[in-house]
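Take a look at the structure below.
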Amino acid sequence: MGVTERCVAEEERRVRANAREYNEKFQYASNCIKTSKYNIVTFLPVNLFEQFQEVANTYFLFLLILQLIPQISSLSWFTTIVPLVLVLTITAVKDATDDYFRHKSDNQVNNRQSQVLISGVLQQEQWMNVRVGDIIKLENNQFVAADLLLLSSSEPHGLCYIETAELDGETNMKVRQAIPVTAELGDTSQLACFDGEVICEPPNNKLDKFGGTLYWKENKYPLSNQNMLLRGCVLRNTEWCFGLVIFAGPDTKLMQNSGRTKFKRTSIDRLMNTLVLWIFGFLVCMGVILAIGNAIWEHEVGVCFQIYLPWDEGVHSAFFSGFLSFWSYIIILNTVVPISLYVSVEVIRLGHSYFINWDKKMYCAKRRTPAEARTTTLNEELGQVEYIFSDKTGTLTQNIMVFSKCSVNGHSYGDVQDMLGHKAELGERPEPVDFSFNPLADPRFQFWDPSLLEAVKLGDLHVHEFFRLLSLCHTVMSEEKSEGELLYKAQSPDEGALVTAARNFGFVFRSRTPKTITVHELGQAITYQLLAILDFNNIRKRMSVIVRSPEGKIRLYCKGADTILLERLHHINQDLTSITTDHLNEYAGEGLRTLVLAYKDLEESYYKDWSERLHRAGSASEAREDHLARLYDEVEHDMMLLGATAIEDKLQQGVPETIAILTLANIKIWVLTGDKQETAVNIGYSCKMLTDDMAEVFVVTGHTVLEVREELRKAREKMMDASRSVCNGFYQEKLSSKLTSVLEAIAGEYALVINGHSLAHALEADMEAEFLETACACKAVICCRVTPLQKAQVVELVKKYKKAVTLAIGDGANDVSMIKTAHIGVGISGQEGIQAVLASDYSFSQFKFLQRLLLVHGRWSYLRMCKFLCYFFYKNFAFTMVHFWFGFFCGFSAQTVYDQYFITLYNIVYTSLPVLAMGVFDQDVPEQRSMEYPKLYEPGQLNLLFNKREFFICIAQGIYTSILMFFIPYGVFADATRDDGAQLADYQSFAVTVATSLVIVVSVQIGLDTGFWTAINHFFIWGSLAAYFTILFTMHSDSLFRMFPNQFRFVGNAQNTLAQPTVWLTIALTTVVCIMPVVAFRFLKLDLKPELSDTVRYTQLVRKKQKTQHRCMRHAGRVGSRRSGYAFSHQEGFGELIMSGKNMRLSSLALSSFAPRPNASWIDTLRKKKGCEGSSAGSPSGAADKTLKV
Amino acid sequence: IKPSSPCNKCLNVSWDSTPPCTCTINFTLEHSFESNVFMYYGLSNFYQNHRRYVKSRDDSQLNGDNSSLLNPSKECEPYRTNEDKPIAPCGAIANSMFNDTLELYRIDNDTRTPITLIKKGIAWWTDKNVKFRNPTGDGNNLTALFQGTTKPVNWPKPVYMLDSEPDNNGFINEDFIVWMRTAALPTFRKLYRLIERKNNFQPTLQAGKYSLDIAYNYPVHSFDGRKRMILSTISWMGGKNPFLGIAYITVGSICFFLGVVLLFIHHKYGNRNTSADIPN
């Protein structure tokens, strides 16, 4: 990010409105943003500088310099410079392309238009020309251009609504208010005269804090975040507003927040770096050995050999010669650390990323979003994930509530039935109920049980009352755009679903005023007088309304959590209660959110008395909330049960299946949600994370350190007890000494549910290990009510102690921290803004794609990368170590075995493409199988396919090959002659023979390693061989030699050598001896210790022969258990907003008759509520009573 | 066939000893050689594959490039110039060219019949016709063409006096070319002469006694080197090569044995996969 480069850090910011000259002297950043790194001039130096910060590149630069020293140079300089330039170019091109796109997006943002007040006139300006201190006019649905101080708006009291989805991912609207003095500045002329000065904090990245003061007309006004509109927000439901630019461009909180994401490395990357270091150490060792050899040789033999070969100038001792030879050997053996390794790895990853991007099965047709690999460097880690941390809302669930079932007066409705009345299986749904009789019905609502509608039509009083309750008892606002086109604005989707259900069944909530609710009951408009809203809060877990019907009867309608409400029913309801309870259990078993409905008739006199007392309690200064709670409690008693509703918190498609399969793949899934415990647990059940087979679900809700510790300890003890009963005595003692191992070996399945405040304690330094142990012993972990920071802490904790690969998936801005912390962050590109996606490494639109991403793409990526690395190290060792053996026969003089062109091209031409093709395309089992057998995922988690052991096996194989590669030709050539009698054992023939057998051996080896042959594999392997021979013959051709006799010394060699049968016999022998043990070993392994993938592959072969269809996986039926919980996910205090009427539009009809007294304090109240929201102590509303006074 | 005692007297020869130290080695051929016979000289412990040795040549000079002739490549140091004159051919390889003369006699009842040794056709065609070229210029007088250069330090005579025949003189002298094709290993042999079969009724070399006359010019004793002379016939796949045969037989047997073992193992254990219970 282009952080402003002022030398002195800003200590405070002074901004004067409409005074560009004044503000300019502070040199604040302009609103032009720059996320690009280079421009045309700086690209080359900056990019090269960055690239040479990579150790590998510097290493090769160092080699290049070494090669320029003639005494040392054992290879021509071009053997290094060609690959180096290639690598640098590829990287540079990639960087340039990335930067080009950044330039483009910068330009697009910088050129957005906004209206700026310049010398009293509104002018269209591009964003980048907006300056600090300007006054901007924003219109509805526009993006805020910079961080603004809200001055005034079209709404009363200088209110303005914004959506902060891009900023923090929350889609609900937020209210901002101008400070009263500026709120009156309605038009441009007034604003043009505004010359207040703001002194505030310097730019920072805290989204929810702002501190400053406005000095205007010799008065001081404090400013807070409540007065600020931040860049990236969108103005909603507000016609226009004016704001003063405080922070612009890079200083805005949005830009300050979008710091460069930390560069993530995969574990293979780290392993690779370690291995490269080891290899480097190995290289130095070999160099030292050979240098010592050289010193000895020069001392013993070389001295005497000086008559034919005198020492170089300046070399006077064998020791110094050895020293030089060390560097020479470093040069020729450098190919064990191949520069092309890094490039190839990048290319392979890029290929895998494209596979992910192109995967049609991860394309969401509905949202038209394909999966996207935003980071291309993490693919193989997808095959090693052990822990998934998932957000709930928007990730597991769609955040759409659907009225699914209900129980009215002991009769349950809503089961999908087929013709015979049996419960129908999923997928074979009949036609939904036809709501065409009702012109006001919401066409999107679907219900599958026609009997409920019949009951309504037949006039079942209970059913009528049931829906009447639903249409009255809520805090939903309605908006009628045109006749019959109702739009409900609900704070919680649950309520919206219920009111919509009532609407479709003929009880249409039409409109409300602070004092009335108008309902169309089966086509007939009835206006109820709204007497009181007994609002929801955390402790009450219910809400009620008291209404007076047109007939004058006063009735209390209540809906709430079953646990609470069932206790408050009148005792005559007992029979009905038991039936309803059964229904509730059934619903809960299906993972539905349940809600119990009840009513109570109130006597006129009782109500008067009660409301009197309520009024008094509301105006009491002390313990007002307690009083209110008691009064509420009193009236909501002895209620009559009406029934229950069941709302389906619609899961994303395929979530339970995905979780089931991921669990089978031994991936542990933790749900970290900001939601309530009940909701979270419910979702846990409905997506099969929690099952009834589980031995126990531990719930940790302690508020203090001690409580939490105690609860965790109990949980562990219980698990240990259970496992002790399973284990025998001897084993048990051994186990109990090691707590961790006990918990690893827990028998039975457990789950842990932990609350946010408990988590805060559990994450403290002294308890985190304990918490982690407990949690990891459980099969499923659900953390509810967690803050974004806690999410990140949990991920960090697992990362720290478990050394396992973690994946975080989420869709909201509150998941960003966790997405950034985890090894792999996945963003769901859903409705909740794009913050999560921007921070993520992978993004797609459905949770279920995770299964494919991990089990197919991740697994393959890992497999391919491992195979690639194994082969790569193998081929380079086989290639390079030949020099080592040759050293013993050439006086340790650092003479290369091969032609220098071969050395240059070996890694970049002859052997690079086949292994790349394998790295990109290889697969051991087809995708369906890897989904079908999730166990196939395990090798990745255990890191079996490429680890230090595998590495050493590859190295050993490489060294073995190199030995044969040298000694077989050595044995043959020692006293062989050509068929025309000339000697065969000349250096050049030897070089060609060894090189040819090497290329053939590694090609055969790649053929053996390739598990999945595509045309490209064939093409590359055969092509490489063809390229080798073509290049060989070209290099050895007469014409090239005639042009550069000193460069192409091998003239005529290929023709002469490869025409010899002896040479071909040698090559064949070498190939067979190098490959035979590999084949034998693989054959044995396949027979004696087959891997799961081998077995799967084999079965597939057999199946293909038998042409049988593969079986389908059966879905296990659900077993219900008693779980219920009602979660109003909306904030409390909405009721008073309704009653005060503040949020009603002026256009609203009712307001003419019910003009409310201006009540400026409600905003404060609301703000206070918001502040309290989230803190566990429920604060009963203080304003509810005020509304009653109205 | 190793040089033994008769030549020990010559061990301490130097390059320019005149007259050359000569010695004679007698040997007996057990079998007669039916087809063409190839005569090799072998050197051991001679590091023709040493990096500094290998690079110490100038291929463009050897290719007849006139500018390189007078200004040889730096790679040739320290055999690049001598007394301010460029050396042709320059470099350590050329400088150390093998210069013993071998003559073969058949001893038949105490009469020594010299055997004709053919010195042409011992180098690769590409080497002789492409890689090695004499400098070009007016006329074919090599002496004139090599004007301005000097002989390698160790050589008794300049390069244009290697042979009397013009197509085997200068850089395209085949002995020189063979020497310039450096060996891959410290013990090596190089083709020296051919002995052609004269007619179909007589073997090229009959069994019997032979003697080898050596004009011993080439010192190898200082670095503990050894010289050899080898006579050999060749088949379709070159000279006698026991290693390849033995290796093939060994590898073949191992493969066969392994095949049997694996077949057995596969029969015994391999079948259990077919039931294919895949744990899931």
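Of the conditions (1) touching a residue at least 12 places away in the same chain (Cβ under 8 Å); (2) open to solvent by 60 Å² or more (accessible area, probe 1.4 Å); (3) not in a loop (DSSP other than H, G, I, E, B), B:Tyr105 fails just one. Which one is it?
The number of the failed condition is (2).
Any idea which residue in the range A:65-98 is nearest to the chain's Cα centre (by Cα), counting only those that are part of a loop (DSSP other than H, G, I, E, B) and surrounded by 14 or more Cβ atoms within 10 Å (Cβ to Cβ)?
Going through the qualifying residues, I end up with A:Trp77.
Going residue by residue through the range A:360-367, is there one that turns out to be part of a helix (DSSP H, G or I), more than 14 Å from every other protein chain (Cβ to nearest Cβ) and either buried (at least 19 other Cβ atoms within 10 Å of the Cβ) or touching a His at 6+ places or on another chain (Cβ under 7 Å) (or both)?
For the range A:360-367, residues part of a helix (DSSP H, G or I), more than 14 Å from every other protein chain (Cβ to nearest Cβ) and either buried (at least 19 other Cβ atoms within 10 Å of the Cβ) or touching a His at 6+ places or on another chain (Cβ under 7 Å) (or both): present.
Looking at the range B:27-37, can you tell me whether even one residue there is closer than 28 Å to A:Ser328 by Cα and either in contact with a helix residue (DSSP H, G or I) (Cβ under 6 Å, 6 or more places away or on another chain) or touching a residue at least 24 places away in the same chain (Cβ under 8 Å) (or both)?
No, the conditions are met nowhere in the range B:27-37.
Being assigned to a helix (DSSP H, G or I) and more than 30 Å from A:Tyr937 (Cα to Cα) is true for just one of A:Phe326, A:Phe355. Which residue is that?
Answer to the selection: A:Phe326.
Determine whether A:Glu381 is part of a helix (DSSP H, G or I), farther than 30 Å from A:Lys867 by Cα and touching a Ser or Thr at 6+ places or on another chain (Cβ under 6 Å).
no
Report whether or not B:Thr113 is loosely packed, with under 14 Cβ neighbours inside 10 Å and either modelled with pLDDT of 85 or more or not in a loop (DSSP other than H, G, I, E, B) (or both).
Yes: the conditions hold for B:Thr113.
For the range B:52-67, name all the residues that are free of Cβ contacts under 8 Å to residues at least 60 places away in the same chain, within 8 Å of another protein chain (Cβ to nearest Cβ) and assigned to a helix (DSSP H, G or I).
Listed by number, the residues that qualify are B:Arg52, B:Ser60.
In the list A:Thr1014, A:Thr993, A:Thr1034, which residue meets the criterion of being in contact (Cβ under 8 Å) with a residue 24 or more places away in the chain, open to solvent by 10 Å² or more (accessible area, probe 1.4 Å) and among the hydroxyl-bearing types (Ser, Thr, Tyr)?
A:Thr1014
Conditions (1) more than 22 Å from the chain's Cα centre (by Cα); (2) outside any helix (DSSP H, G or I), marked per residue:
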{"position": "B:Asp167", "(1), (2)": "no, no"}
{"position": "B:Phe171", "(1), (2)": "no, no"}
{"position": "B:Phe176", "(1), (2)": "no, no"}
{"position": "B:Leu185", "(1), (2)": "no, yes"}
{"position": "B:Arg189", "(1), (2)": "no, yes"}
{"position": "B:Tyr192", "(1), (2)": "no, yes"}
{"position": "B:Arg197", "(1), (2)": "no, yes"}
{"position": "B:Pro203", "(1), (2)": "yes, yes"}
{"position": "B:Lys209", "(1), (2)": "yes, yes"}
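Tell me, please, whether a residue that is of a type in the set (Gly, Ala, Ser), touching a Lys or Arg at 6+ places or on another chain (Cβ under 9 Å) and under 29 Å from A:Glu380 (Cβ atoms) can be found in the range A:782-802.
Scanning the range A:782-802 turns up at least one residue that is of a type in the set (Gly, Ala, Ser), touching a Lys or Arg at 6+ places or on another chain (Cβ under 9 Å) and under 29 Å from A:Glu380 (Cβ atoms).
A:Gly302 - would you say it is within 14 Å of chain B (Cβ to nearest Cβ) and either within 22 Å of A:Pro70 (Cβ to Cβ) or modelled with pLDDT under 85 (or both)?
yes
Quick one: which of B:Ile172, B:Ile122, B:Ile115 is farther than 15 Å from B:Leu62 by Cα, more than 10 Å from chain A (Cβ to nearest Cβ) and β-branched (Val, Ile, Thr)?
B:Ile115
Give the residues of the range B:201-253 that are open to solvent by less than 20 Å² (accessible area, probe 1.4 Å), within 9 Å of chain A (Cβ to nearest Cβ), of a type in the set (Gly, Ala, Ser) and at negative phi, sorted by residue number.
Correct list: B:Gly225, B:Ser232, B:Gly239, B:Ala247.
Of all residues in the range A:450-473, count the ones that are outside any helix (DSSP H, G or I) and either open to solvent by less than 10 Å² (accessible area, probe 1.4 Å) or of a type in the set (A, V, I, L, M) (or both).
1
Name, by its number, the condition in (1) in contact with an Asp or Glu (Cβ under 8 Å, 6 or more places away or on another chain); (2) of a type outside the set (S, T, N, Q); (3) surrounded by fewer than 21 Cβ atoms within 10 Å (Cβ to Cβ) that does not hold for B:Gly148.
Here B:Gly148 clears every test but (1).
Among the residues of the range A:980-1005, which ones are more than 30 Å from B:Tyr40 (Cβ to Cβ) and in contact with a Lys or Arg (Cβ under 8 Å, 6 or more places away or on another chain)?
The answer is A:Val1002, A:Gln1005.
Could you pull out every one of the helices (runs of 4 or more DSSP H) wholly within the range A:848-957 that has 1 or more residues that are touching a residue at least 60 places away in the same chain (Cβ under 8 Å), farther than 23 Å from A:His352 by Cβ and aliphatic (A, V, I, L, M)?
The helices (runs of 4 or more DSSP H) meeting that bar are A:859-887, A:900-905.
Which ones in the range A:389-403 are at pLDDT 80 or above and either of a type in the set (Gly, Ala, Ser) or under 18 Å from A:Ser861 (Cα atoms) (or both)?
Across the range A:389-403, the qualifying residue is only A:Ser390.
Within the range A:595-626, take every residue that is exposed (fewer than 14 other Cβ atoms within 10 Å of the Cβ) and modelled with pLDDT of 85 or more and give me the one that is nearest to A:Leu472 (Cα to Cα).
Filtering first and then ranking leaves A:Asp601.
Taking A:Thr977 and the conditions (1) closer than 30 Å to A:Glu386 by Cβ; (2) polar (S, T, N, Q); (3) facing another protein chain (nearest Cβ under 8 Å), which numbered condition does it fall short on, given that it satisfies the others?
Against the list (1) closer than 30 Å to A:Glu386 by Cβ; (2) polar (S, T, N, Q); (3) facing another protein chain (nearest Cβ under 8 Å), A:Thr977 comes up short only on (1).
Applying the selection to the range A:1040-1054, what residues are facing another protein chain (nearest Cβ under 7 Å) and in a helix (DSSP H, G or I)?
A:Phe1041
What is the one condition in (1) more than 53 Å from the chain's Cα centre (by Cα); (2) in contact (Cβ under 8 Å) with a residue 24 or more places away in the chain that A:Trp1064 does not satisfy?
Of (1) more than 53 Å from the chain's Cα centre (by Cα); (2) in contact (Cβ under 8 Å) with a residue 24 or more places away in the chain, only one is false for A:Trp1064: (2).
The values are calculated or read from the model by the stated rules, or taken from the named source; none is laboratory data. Keep in mind that what you see is a predicted model, and the values were worked out from it rather than measured. Positions of Cβ are backbone-derived with ideal geometry, glycine not excepted, and every protein chain shown enters the neighbour counts. For accessibility, only protein heavy atoms count, side chains too; no ligands or nucleic acids. Shrake-Rupley method; radii C 1.70, N 1.55, O 1.52, S 1.80 Å.
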